[in-house]
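Shown next, in structure tokens, is the structure this report addresses.
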Amino acid sequence: MPWTYILRCADDSYYVGSTIDLERRLWEHSCSPDLGAAYTRRRRPVELVWAAQFDSIQQAFDFEKRVQGWGRKKREALIRGDFEALVPLSRRKAVQDRDATERGDRDERDGP
């Protein structure tokens with residue numbers, strides 16, 4: 001089954017990837033002198049901190065690309081399993097909320 005995964009590197013950065021063989025890919029990131037990503041080879045040791053299986057490699061790859069666009073706090077919310085925090089941490093939503101506040105827009109739920 002295909003996977004999307006997050007590694008924590010020795011410098012406390014995160015690496016996001018996808019693969020059809022998670023165990024082999026982790027070995028490559030951790031041990032191989034030439035098969036792991038150049039990013040992780042320079043930041044060993046690495047630790048698997050999150051992984052999820054998908055029905056297709058395309059779904060795993062698409063989710064990898066989505067998570068790669070996330071900021072650190074949003075990635076850490078995913079790692080913690082704090083799914084309620086994901087939406088508020090969305091940059092797009094945060095920018096929309098900030099812009100609405102600056103314009104003085106009010107949500108209908110805010111009342112009079």
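Within segment 41-73, take every residue that is under 9 Å from the mean Cα position of the chain (by Cα) and of a type outside the set (A, V, I, L, M, F, W, C) and give me the one that is surrounded by the fewest Cβ atoms within 10 Å (Cβ to Cβ).
By that ranking, first place goes to Gly69.
How many of the residues making up segment 55-84 are in a helix (DSSP H, G or I) and in contact with an Asp or Glu (Cβ under 9 Å, 6 or more places away or on another chain)?
Counting residues in segment 55-84 that are in a helix (DSSP H, G or I) and in contact with an Asp or Glu (Cβ under 9 Å, 6 or more places away or on another chain) gives 2.
How many of the residues making up segment 74-99 are exposed (fewer than 12 other Cβ atoms within 10 Å of the Cβ) and either under 14 Å from Tyr5 (Cα atoms) or modelled with pLDDT of 95 or more (or both)?
2
The values are calculated or read from the model by the stated rules, or taken from the named source; none is laboratory data. Computed from a predicted model, the values in this text were never measured in an experiment. Using ideal geometry, Cβ is built from the backbone for each residue, glycine included, and neighbour counts are taken over all protein chains shown.
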